Amino acid sequence: MLDAQATDHCVGASDLHRVLIIGEKGGNLNYYHNSGTLQKPGFTLVTDSLGKVNVTDYSVSLDGYSVPFFYIDSQDKTHLLVGSETGDIFYYTDIDNNLDGHFDKSDTLAGLIGLQEFKADRGYRSAAALFDLDRDGYPELIAGNFSGGVEYFSMNGETPVSHVADPNLTGKPQVKIYPSPARDYITIECNDCREFQLADISLYNLMGSVMTNYSGVYNGNITLNVETIPRGLFLLKISLKAKTGDINFLYCFKVILV
């Protein structure tokens with residue numbers, strides 16, 4: 001897990017809301033520490049040269065347009081991807097207990113995602129993210145660039161997402177989430193969901209970990225107990241199903257616990 005001893009800031013995998021990492025046109029990374037709270041943050045600049053990272057290729061341009069993404073694996077080891085103006089996605093290691101040091105630029109990104117090889121150039125002004133979407137032990141990599149497209153890389157070569165539904169699809173049941181913000185309970189209500197007898201409901205933190213879930217019969221009104229969950233911002237995923245188990249509609253809501 002992240003640990004910045006030399007700057008008197010200790011940041012763990014479960015405490016990433018206390019930091020803010022910002023890339024910039026110059027190709028470097030800015031590290032801010034939140035000395036306030038999640039509800040009332042107060043970010044202070046610690047360094048504008050985190051890990052001594054700079055993704056600018058001066059033979060091509062004076063700009064780097066760094067886009068950072070931190071990934072913490074199941075062993076609490078921290079990995080860093082940084083997109084760039086030239087399109088290369090840079091992979092860094094040696095981050096834990098080393099926020100005041102020099103991160104190692106590595107060529108082992110292919111192995112991390114379970115591939116024999118990976119072409120790092122993903123197009124002008126690239127950006128990338130890692131997450132083990134299919135729970136096979138290897139993170140999937142999603143890369144975008146200036147053109148607006150998205151690429152998906154996986155060890156098994158199959159995407160767990162078959163399609164993206166039109167959010168304005170006519171006939172889609174109206175699901176309500178309340179209260180917002182919430183404290184002890186979240187109610188998921190749907191008055192026109194009689195044809196859907198089953199539901200899968202999961203509350204995720206921003207690191208992708210499931211905080212609480214429900215899977216079973218759905219009668220149009222379910223209340224989740226969230227009083228023991230740490231306060232913060234979460235994503236609520238709801239899948240409505242028919243008796244056959246087929247997913248008919250998929251919803252995602254932002255939930256704030258105070």
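The values are calculated or read from the model by the stated rules, or taken from the named source; none is laboratory data. This one's a predicted model, so the numbers in the text were calculated from it and none came from an experiment. Because the Cβ atoms are built from the backbone with ideal geometry, glycine has one as well, and the counts that use them run over all protein chains shown.
Picking from residues in segment 91-113 that are touching a Gly at 6+ places or on another chain (Cβ under 8 Å) and crowded, with 17+ Cβ neighbours inside 10 Å, the one that is nearest to Tyr152 (Cα to Cα) is Tyr92. Is it true that Asp48 is under 18 Å from the mean Cα position of the chain (by Cα) and in the same structural domain as Ala120 (by TED's automatic domain parsing)? Against the criterion (under 18 Å from the mean Cα position of the chain (by Cα) and in the same structural domain as Ala120 (by TED's automatic domain parsing)), Asp48 does not qualify. Considering only segment 21-62, state which residues are in contact with a Pro (Cβ under 9 Å, 6 or more places away or on another chain), polar (S, T, N, Q) and surrounded by 17 or more Cβ atoms within 10 Å (Cβ to Cβ). Across segment 21-62, the qualifying residue is only Asn34. With respect to the stated conditions, Lys254 is under 18 Å from the mean Cα position of the chain (by Cα), loosely packed, with under 11 Cβ neighbours inside 10 Å and either closer than 28 Å to Leu130 by Cβ or among the charged types (D, E, K, R) (or both). Every condition in (1) assigned to a strand (DSSP E or B); (2) farther than 25 Å from Phe146 by Cα; (3) of a type in the set (A, V, I, L, M, F, W, C) is met by Leu81 except one, and the failing one is (2).
Is one or more of the residues making up segment 77-90 surrounded by fewer than 16 Cβ atoms within 10 Å (Cβ to Cβ) and under 20 Å from the mean Cα position of the chain (by Cα)? There is at least one residue in segment 77-90 that is surrounded by fewer than 16 Cβ atoms within 10 Å (Cβ to Cβ) and under 20 Å from the mean Cα position of the chain (by Cα). For segment 188-197, the condition of being closer than 30 Å to Thr78 by Cβ, in contact (Cβ under 8 Å) with a residue 24 or more places away in the chain and surrounded by fewer than 16 Cβ atoms within 10 Å (Cβ to Cβ) holds for none of the residues. When segment 32-73 is limited to residues that are touching a residue at least 40 places away in the same chain (Cβ under 8 Å) and of a type in the set (Phe, Trp, Tyr), the one that is nearest to Asp88 (Cα to Cα) turns out to be Tyr65.
Cβ separations smaller than 6 Å between residues 6+ apart or across chains give the following pairs from segment 201-219 residues that are more than 15 Å from Ala242 (Cα to Cα) to residues that are assigned to a loop (DSSP other than H, G, I, E, B): Met211/Asn205; Met211/Ile229.
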